[in-house]
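Asks: Let me give you the structure first, and then I'll get to my questions.
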Amino acid sequence: MSETRVAQAAVATPHQDLHSAQGALRGEHPGRSRNPVIKVADLAWLEFEKPDLDRAEVFARDFGFGVAARTESELWLRGTFAGSPCMVIRRGRTSRFIGPAFRAAERADLDRLARATGAAVRDADVPGGGKVVDLLDPSGFPVRVVHCAEQLPELPEQRPLLLNFGTDHRRINATQRPPREPSRIQRLGHVVLETRVFARALDWYLDTLGMIVSDFLFLDGQRGRGPTMAFIRCDLGSVPADHHTLAMHLGPGTGYVHSAYQVTDLDSIAAGGEYLAERGYKRSWGIGRHIQGSQLFDYWRDPDHFMLEHFADGDLFSCDVEPGWAPMSASGLAQWGPPATRDFLGASPSPAKVREVLHALRGDNELDVERLLGLMKAMNS
């Protein structure tokens, strides 16, 4: 073997050790827009409606949120980090997810976005005030882009445990006794959505909000038809950003899948999980470590059946990391941990699910029989 061939074999690709099968093939989706309208800086908060705000607040405190503001009709939840709230729950007749709000990098971005979309800049109904532009993505989700006038102050943190590693002894004459208490939420990390118009929705978020793809997943034998899931991050240039702030996948439904909230460390995840279990809440899946994003995870259901994730130690990418491509499978969701549950995968059959599938197959969208069978195969592989 020549020295040239040896040298070429040793060259690291952008996705060396990133658990991605390979980068894009010629002609595949580039994972970013050439000229986006703006580049959002982060998720600001998520918006829900629920009929029982008292019950919602009890779970929120048990899960580890703080309360930023509470009225008869609204509940604003926050983490310990300074910044915007994580979630707003408004009183409504039924429990439902409304949509995400993203944080504009600067106030002028709202004017630029309004001119490009024909929307208006208006006052934001948020503690501390601010401005907002209201949009609608191709899936039908209301999407807000906000610039807040005031930031919430920092709150006391859950301190990480001091760990001993091999011969690196940092804890001497002291025991480990993590308190049995709620995991203290630091911040909102990401939201995952299901859509029947995956390709159109993906391009909208890249073109309109300037987000970029960290990883694509494709169905076995259908890579030529394009990806069916994307993990999407904010483009902060050379500043590292979460591996994904938004994730979307093709499916028969249109709706919320789960949202994720950062906590201090593995002990915070585990002790907080014990606290939730003792109070009768249902774990959906965990504890484990993901592949795409690498984060430690633990998924729970709230009393209204929404799925929420505690996570820690996630990947951070700068803008120069290109998208990875990997096959979609249930076994490929975690490096270690228990097998993904049917509850997490949404694979439990029901009359409502059957109606949803039939409606999707008859509609004008991206789901067809081949795609549906590929998704079913992926969730069982």
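The values are calculated or read from the model by the stated rules, or taken from the named source; none is laboratory data. Note that the coordinates shown come from a computational prediction; the quantities given were computed from them, not determined experimentally. Cβ coordinates were reconstructed from backbone atoms using ideal geometry, including for glycine residues, and neighbour counts include every protein chain displayed. Just so you know, the surface numbers come from the protein's heavy atoms only, side chains and all, with ligands and any DNA or RNA stripped out. Shrake-Rupley method; radii C 1.70, N 1.55, O 1.52, S 1.80 Å.
Asks: Would you mind classifying the chain by shape? Square roots of the alpha carbon gyration tensor eigenvalues, ordered a ≥ b ≥ c; an a/c under 1.5 is rounded, otherwise it is prolate if a/b is larger than b/c and oblate if not.
Replies: Details: a/c = 1.28, a/b = 1.08, b/c = 1.18.
Rounded, since a/c falls under 1.5.
Asks: How would you order 328-335, 26-33 from highest to lowest mean count of nearby Cβ atoms within 10 Å? Please report the intermediate quantities before stating the final value.
Replies: Numbers: 328-335: 17.0, 26-33: 14.6.
Result, highest mean first: 328-335, 26-33.
Asks: Please list, or write none, the aspartates and glutamates whose alpha carbon is within less than 16 Å of the alpha carbon of Lys282, excluding same-chain residues fewer than 8 places away.
Replies: Cross-link targets: Asp62, Glu274, Asp298, Asp302, Asp304, Glu309, Asp343.
Asks: Under the rule a/c < 1.5 gives rounded, and otherwise a/b versus b/c splits prolate from oblate, where does segment 63-132 land using the Cα gyration tensor? It would help to have the intermediate numbers written out before the result.
Replies: Values: a/c = 2.30, a/b = 1.57, b/c = 1.47.
Prolate, since a/c reaches 1.5 and a/b exceeds b/c.
Asks: Moving on. For the pair Arg112 and Thr341, what calculated FRET efficiency results from E = 1/(1 + (r/R0)^6), where r is the Cβ-Cβ distance and R0 = 51 Å, to the nearest 0.05?
Replies: Working: r = 43 Å, r/R0 = 0.85.
Calculated transfer efficiency: 0.70.
Asks: Hey, another quick one. Under a crude label model (7 Å from the Cα following the beta-carbon direction), how far is Val354 from Asn380 in nanometres?
Replies: So the two model labels end up 1.7 nm from each other.
Asks: Assuming a ≥ b ≥ c are the square roots of the Cα gyration tensor eigenvalues, decide whether segment 295-381 counts as rounded (a/c under 1.5), prolate (otherwise, with a/b larger than b/c) or oblate.
Replies: On the way: a/c = 1.95, a/b = 1.34, b/c = 1.45.
Here segment 295-381 falls in the oblate category.
Asks: To continue, here is another question. Relative contact order (percent) for the chain, with alpha-carbon contacts under 8 angstrom and 6 or more residues of separation? Can you show the working numbers first?
Replies: Details: 846 pairs, mean separation 67.4, N = 381.
Once normalised by length, the contact order is 18 percent.
Asks: In Å², what does the accessible area per residue of the chain work out to with a 1.4 Å probe? Mind dumping the intermediate values first?
Replies: Numbers: 18090 Å² over 381 residues.
Dividing the accessible area of the chain by its residue count gives 47 Å².
Asks: Report the relative contact order of segment 35-137, percent, no decimals, based on alpha-carbon pairs under 8 angstrom and at least 6 residues apart. Numbers along the way, then the final one.
Replies: Details: 175 pairs, mean separation 31.9, N = 103.
Worked out over segment 35-137, it gives 31 percent.
Asks: Obtain the nm distance between the two label points defined at Thr167 and Gln151 by a simple spin-label model: each point lies 7 Å from its Cα along the Cα-to-C-beta direction.
Replies: 4.2 nm
Asks: What is the list of residues in segment 287-319 whose amide nitrogen lies under 15 Å from a point 7 angstrom out from the Cα of Val67, following Cα to Cβ?
Replies: Those under the cut-off are none; the list is empty.
Asks: While we're here: Is there a quick way to get the dipole size of the chain? I mean about its Cα centre, with the Cβ of Lys and Arg at +1 and of Asp and Glu at -1; what is the value in debye to the nearest 20? Walk me through the intermediate numbers first.
Replies: Numbers: 44 positive and 49 negative charges, 97 e Å.
In total the dipole reaches around 460 debye.
Asks: Here is a follow-up. Sort 273-281, 140-148 by packing, meaning the average of other beta carbons within 10 Å per residue, with the highest value first.
Replies: Order by mean packing, descending: 140-148, 273-281.
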